[in-house]
Amino acid sequence: MWIDTHCHLDAHEFGNESVAQAALARAQGVGMIVIPAVETANFAIVAQLAASVDNACYALGIHPIYVPHAEEDHLRVLREQVAAAMADPNFVALGEIGLDFFIPMLTEPAMREKQEFFFREQLKIARDFELPVLMHVRRSQDVVLKHVRQIRPNGGIAHAFNGSAQQAKSYIDLGFKLGFGGAMTFTRALQIRRLAAELPLEAIVLETDAPDISPSWVHPGRNSPDQIPRIGAVLAELRGLTVEEVAAATSVNACAILPRIK
Ligand SMILES: [Zn+2]
């Protein structure tokens, strides 16, 4: 069995195919798809989507790219919805949260400050409910690490990991797993491929980030969760393991960091 630890199955790019995409993935052996929320407006949608298929679960959070339009009151809404969702077996994490210092508009001082405020407040919610966090980390590795060190949530995943070996070690030491996906399938992605090959296997989980981060054989087309086995096969090749070994190990890792996955 495979687990896609990060997939925006509710994204508009999937139109009305979200349920069919989950079934396609299921037919390829993807037993679980984790669907992160991005803003309060899609909280109900990700919960409903997870409830309508047998191989998906969801997280609730405010994505850094949605922070410009978010209001402080949305943090209260998030805390309330998380409290209610604790009774829902499909609810597994706080996310997607994080810091994006790549998009120019998000790096302006006031917006940087607003991002860090929303990130810290959401880390506190995760800590209060003992939930793992799904983190978006773009040009912000060390600042994310600083806040995580200060607030100490219950571990989580640094999704689409693209940092250094030292930063990878810092996440691992803080109890985090690192998400690898389509980026690792490009032969020119030397640093990501080296880390995928050399990091402790226990630290690695697989993800598509669908509809984004398409693997090389799909690029620039739309990514989808049924690509996970082929992405996993790339990891197997990089590490000199069998595909079955990679499927088993990455699924164990995903369940260890997201223990609410049944
Ligand atoms: Zn995402």
In region 1-25, residue farthest from the chain's Cα centre (by Cα) [restricted to those that are of a type in the set (Gly, Ala, Ser) and within 16 Å of the ligand (Cβ to nearest atom)]: SER18
Only one of PHE129, PHE102 that is of a type outside the set (S, T, N, Q), open to solvent by 40 Å² or more (accessible area, probe 1.4 Å), closer than 23 Å to ALA256 by Cα and in contact with a Lys or Arg (Cβ under 9 Å, 6 or more places away or on another chain): PHE129
Residue under evaluation PRO220, criteria (1) touching a strand residue (DSSP E or B) at 6+ places or on another chain (Cβ under 6 Å); (2) under 24 Å from ASP10 (Cβ atoms), criterion not met: (1)
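Limited to region 151-169, what total is found for residues that are at negative phi and open to solvent by less than 20 Å² (accessible area, probe 1.4 Å)?
So the first thing to find is which residues in region 151-169 are at negative phi, and the list is 151, 153-154, 157-159, 161-169.
If we keep only those that are open to solvent by less than 20 Å² (accessible area, probe 1.4 Å) as well, we get 151, 153, 157-159, 161, 163, 168.
The qualifying residues number 8.
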Selection from region 187-233 of residues that are within 27 Å of PRO259 (Cβ to Cβ), in contact (Cβ under 8 Å) with a residue 40 or more places away in the chain and in a helix (DSSP H, G or I): ALA196, LEU201, GLU202, ALA203, PRO225, ASP226, GLN227, ILE228, PRO229, ILE231, GLY232
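Filtering region 26-43 down to residues that are assigned to a loop (DSSP other than H, G, I, E, B) and within 16 Å of the ligand (Cβ to nearest atom), which residue is most open to solvent (accessible area, probe 1.4 Å)?
Of the residues in region 26-43, the ones assigned to a loop (DSSP other than H, G, I, E, B) are 28-29, 37-39.
Among the residues that remain, those that are also within 16 Å of the ligand (Cβ to nearest atom) are: 37-39.
Details: ALA37: 0, VAL38: 19, GLU39: 68 Å².
If we take residues in region 26-43 being assigned to a loop (DSSP other than H, G, I, E, B) and within 16 Å of the ligand (Cβ to nearest atom), then GLU39 is most open to solvent (accessible area, probe 1.4 Å).
Residues ASN162, ASN154: which one is modelled with pLDDT under 95 and either of a type in the set (Asp, Glu) or within 18 Å of the chain's Cα centre (by Cα) (or both)? Steps first, answer last, please.
Working: ASN162 fails: modelled with pLDDT under 95.
Of ASN162, ASN154, the one residue that is modelled with pLDDT under 95 and either of a type in the set (Asp, Glu) or within 18 Å of the chain's Cα centre (by Cα) (or both) is ASN154.
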Enumeration of residues in region 173-199 that are farther than 19 Å from ARG239 by Cα and open to solvent by 20 Å² or more (accessible area, probe 1.4 Å): ASP173, LEU174, GLY175
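Listed here are the residues, each with its yes/no results for (1) closer than 30 Å to VAL30 by Cβ; (2) among the β-branched types (Val, Ile, Thr).
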site	(1), (2)
VAL53	yes, yes
PRO64	yes, no
PRO68	no, no
VAL82	yes, yes
ILE97	yes, yes
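The values are calculated or read from the model by the stated rules, or taken from the named source; none is laboratory data. As the structure is a computational prediction, the values presented were derived from the model and not from experiment. A quick note on method: Cβ atoms are made from the backbone with ideal geometry, for glycine too, and the neighbour counts reach across all protein chains shown. Ligands, DNA and RNA are excluded from the accessible area calculation, which covers all protein heavy atoms including side chains. Shrake-Rupley method; radii C 1.70, N 1.55, O 1.52, S 1.80 Å.
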